[in-house]
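Data block below; observations after.
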Amino acid sequence: MTLALVKERSNSRFRADRFENTVVHVIGIALVIVAIGMFLSAMVGWIDGGPDRSSDTGSLVASGAIGVVAGGLLWWLSAVPVRQSPVVAFASVAWSWLAVSILGALPFLFSGAIEWAHADNAIFESISGFTCTGSTILADIEAVPRGVLFFRSMTQWFGGMGLIVLAVAILPALKVGGLELIAAEAPGPTTDRLDSNVTETARRLWILYGSVTVVVTVLLMLFAGASLYDGVAHAFATASTGGFSPYGASVGHFDSVAFEVIISLGMLYCGASFALHWRAVQGDWGIYGRVSEFRLYVAMFFVLVGLIMWVNVSEPFGLATNLRHTSFSVAAILSSTGFGTADFALWGPAAQAALLLVFMSAGMSGSTSGGMKVLRLQIIAKYAAREVVRARHPRAIVPLRLGSTVVPDVVVSRVIGFVLLYVTFSVVGGLLLAALGTDGVTAFSAAFSATGNIGPALGEAGPASNFLVIPRAGRPILMWLMLFGRLEVFPTLLMFAAAARHISKRRVAGYASVTDRR
Amino acid sequence: MREVSRRIGDLVLIVYRLGVRLTRMGSRSSAPLTTIGVVLGAGGLSLIPSAALDMVIGEGHEVALVLVALMLMTAGLALLMVFRMPKRLSTDELYKALVSAAAAMVVAGAIVHIATGAIDRIDRALVEATAGVTTTAVSLIERPEDLSRGEQLFRSLMQWGGGGGAIVAIVRIFPRLGHGGLDAEGGVATRAASRLSPTVGGNLRRLGAVYFTFTMIVAAAFALAGMPAIDACLHALTTASTGGWSTRSGSLGAFDSAAIEWLATGAMFGAGLSLPFVFQILRTSRIGLLSKSVELKVYVSMTIAAWVLLILWSGDGSTESVRRSAFAVTSAMSTTGFLAGPTTIFDEAGTALLVILVVTGGMAASMTGGIRIARVLVLLAVMRRELVRQVHAASVRSIHIGASSIGDAAVGRLVGEVLLNLLVVGAGLGALATSGIDVRAAVATAASMLATAGPAYGSSSQSSALLALDDFGRASAAALMFLGHISVLPVLAVAAAGTKTIRRTYHLASRRIINPAGRR
């Protein structure tokens, strides 16, 4: 019934009484989707009970109502034009993420988990959720109402596959231009289409994503003895590679090998490309072996585990504990999830240096993970190797290949631009944090962690700590870096371009009409 | 002044021609071995003044220095008698010659350190010599004031020679890699350094004259500021080359003179200027060209901005803090590495800023290490182009810096080299972190070594960076210095060629084993 209404509402997008603006329309849809999530979390809060049941449910219902009203109005009053430029697609995605992050902050404020005087902290927590970063400013997580914590995990689930992808999957109105919107939100240098139909592609991605979440939940309940609440909350954060846990000690709270193994496998699975998984589910299991990015991703995991175990030999724990903590931490960082079972900020410098390098790479393109992605690392390594060949043979024309596929120059160029911007902004962010009084290791690792949507950093902002150690003025920098990294650099840089263009067009039109009158 | 400069240029040309003539004595053609011969011969010759100084002052190392000089000259001459420079140099041979020349300088420097007893282990001597040749201001010798004057002179000459080698690279290598330097018309020209004169010798003469004259001016200025004459000369050699070795363990701060520190600040800033650009201005006397150069404007702006930020972040408003901040900024940007005091006085942000300045470096075709400003500008232009392409996918935009357009091939090489440097820093960070220092120090050391600056910012002295490392860490640091001074691309190109040769030899050998008679 609801879907039918939504479809009917969407199909009437060319009504004359609405103004055409993709940005406003997409923001409206995103707000409504998040509001629905808030109502679901309110139900969970009500059923799960607890001493704060009424305030918990009330805060979520109130926030959801605001979301539905604001989002519904924006959605109702606007329409998507038939043609839209890439700038508008980028702006739509970036502004909608910002809008839902602000809406997502309301439950923390209404429930009293975060004081209104520190509304910026609530926005930080919300942005960290939607961007699947997993950095927190909550000092006592267990004190937050259960429904709000459930919503906190759900923000990551929404952010993991992307709200826009979800919108494209369910709304025919976004069929036109939907690919641009997905491309603006999707992780990786290219957009993998699972079907010639954009809506079908988005739908398949969400079906697979939802299935993984269900499988992880069931496995956690069956083999690790988790409650439904804990299972779903951790499955949300695992499938989205977000890393929020309803417990301060994160996954370490359960102290269960089975729990850690399931979560580790889930993180590694979701750190790999969903396009590959779809093909594998269709029966083509050999696809994993044929894709060089996947081979490198798996190799990186095993090499890093071996390397860090080797440098951690001098640490005061046995081989089995070393293997357990190291493999979990590497899976958590490599997939950019950021769950913790051990405080790796206390490990030796070599282990920390290795993890710092992984902060930048993270998972595969087309996955839910953050970071630069393994594919981009492959491309820049091949590019650098090609320049070595060209240094010896200046006139040689050497195509850049990944496996048997020649990577087009346009993609290579885009990857280089991305990597340079990514590193530059992370370094500038780190410098600004250091200027605000944060120590060097914490500042730069926090900046790279935020851009890579990892979650914990090194130094004072390690897995056992929280981001209150960063000065208040520094947290907006991290918020921006989280969005910058999650939306893959370009949307956040181009989000103002559409508005500037719009204003400039209106000014030109206004000037022309004045001239005509004269 | 111009007449003096011309005379110096003629002298450089005579030496160059003599060297060229020497490289044509042998019968077998080999660029690397001939270059090694020249380097060993020149290294031996450079020991003569050091031995003479020790003899005059009577500090007792003259015999060892003369013996090593004779040994090196004999080895060099022997090589030159057998091998000759090919008439046409392929790119591979050029890179091989460059890398083997630098390696030969390192080995020669290590032999001298062992022979004089300054360092007792060969691996440590090799690291020390690498720091010298690559003009990096780190040392394993904690008290350089305990060395004889002859040894001090040799060490300074080693850095100065390393700087001279950089001029050869500016003329012969960098234009091939797409970062030849700055022309005088306000923009970057990738082959600028090879445009000064139609011949290689002419280019070397012109740039060598600028280098030599600059060294003499700095020496005179230091002496006038109250530095002892010998110290003035030795520090001038390491300032002009952006080497940064000092005769005192406290570096220039040991002289405790504001005048010397301000002079050094100016000199280090000067060393960060593009040599071809300086030559153009001196030759044409058109001061107006200064305002046309985009790179120079950025260099000046960055220096001033960093200076102000460092005062704001780490200073206490005193004149000493203002002076020390200016000194630290120019020392980092020119990658000289002189210290006016412990760098621990700067807070976290100040330290991070200095590391970023070290990575940036000075102008293209200058004596500094680091990425260099022209390349940073190109990288910024590449980023901007990609942003525009996101909006206009089919747009075709060339990269412009000022009035000059940079070709796609040059941009590709430049970006490739920067990416390679990033990968090398990552590997270096991993290697250094296993060597007993924390992550912060490992990052600072890796960046500083690859940029050939030297001190790890946040450390107390020039020797503390290397002394904090174990043997593996020092070897890694030496590799980073080597790669940073020569550029990563030529070294990797030589390694790639070597791998190919090994593969081919193995392939041929395995064919012979399988088919010993060679029958088809």
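Things to note:
- Cα-projected label distance for residue A:381 with residue B:146, points at 7 Å along beta-carbon direction, nm: 4.6
- HN-Hα J in Hz across the stretch B:402-414 - Karplus 6.51, -1.76, 1.60, θ = phi - 60°, x for Gly and Pro: x, 8, 9, 9, 9, x, 4, 5, 5, 4, x, 5, 5
- Once the C-beta distance of residue B:74 and residue B:29 is scaled by a Förster radius of 25 Å, the resulting FRET efficiency is 0.65 to the nearest 0.05.
- Computed from label points 7 Å out along Cα-Cβ, the spacing between residue A:215 and residue A:281 is 0.8 nm.
- Shown is the FRET efficiency for residue B:82 and residue B:6, computed with R0 = 45 Å from the Cβ-Cβ distance and rounded to the nearest 0.05: 0.75.
- Taking each residue as 0.36 nm, the span from residue B:395 to residue B:318 lengthens on full extension beyond its C-alpha to C-alpha distance by 22.4 nm.
- Values of log10 I(q)/I(0), in the order q = 0.08, 0.12 Å⁻¹, for chain A under a Debye, Cα-only, solvent-free model: -0.49, -1.11
- Helical contribution to [θ] at 222 nm, DSSP H n ≥ 4, -39,500 (n - 2.57), averaged over chain B, rounded to 500: -22500 deg cm²/dmol
- Residues B:482, B:269 arranged by fewest to most Cβ contacts within 10 Å: B:269, B:482
- Other residues lying with their Cβ under 14 Å from the Cβ of residue A:211 contribute a combined charge of +2, Lys and Arg counting +1, Asp and Glu -1.
- Membrane-span-like helices in chain A, defined purely by DSSP H runs whose alpha carbon atoms cover 30 Å or more axially and whose average Kyte-Doolittle hydropathy reaches 0.5, are A:22-48, A:53-77, A:86-110, A:198-223, A:409-435.
- Amide H partners (placed H, <5 Å) of residue A:20, local residues excluded: A:79
- Spacing of the two label points (7 Å from each Cα toward its C-beta) at residue B:501 and residue B:471, in nm: 2.8
- Estimated FRET transfer efficiency (residue B:48, residue B:90; beta-carbon r; R0 22 Å; 0.05): 0.05
- Order of B:93, B:142 - criterion: other Cβ atoms within 10 Å of each residue's Cβ, fewest first: B:142, B:93
- Span from the the stretch B:335-360 Cα centroid across to the the stretch A:27-64 one, whole angstrom: 51
- Phi angles across the stretch B:85-101 convert, under the Karplus curve 6.51 cos²θ - 1.76 cosθ + 1.60 with θ = phi - 60°, into 3J(HN,Hα) values of 6, x, 5, 10, 9, 6, 4, 4, 5, 4, 5, 4, 4, 4, 5, 5, 5 Hz, Gly and Pro given as x.
- Among beta bridges that DSSP assigns inside the protein assembly as shown, antiparallel share in %, nearest 5: 55
- Sorted fewest first by neighbouring Cβ atoms within 10 angstrom, B:241, A:54, B:463, A:126 come out as A:54, B:463, A:126, B:241.
Quick note: the coordinates plus some simple rules give every number you see, no bench work behind them. Quick caveat, the model's predicted, so the values are computed rather than measured. Glycine also receives a Cβ, built like all others from the backbone with ideal geometry; neighbour counts cover every protein chain displayed.
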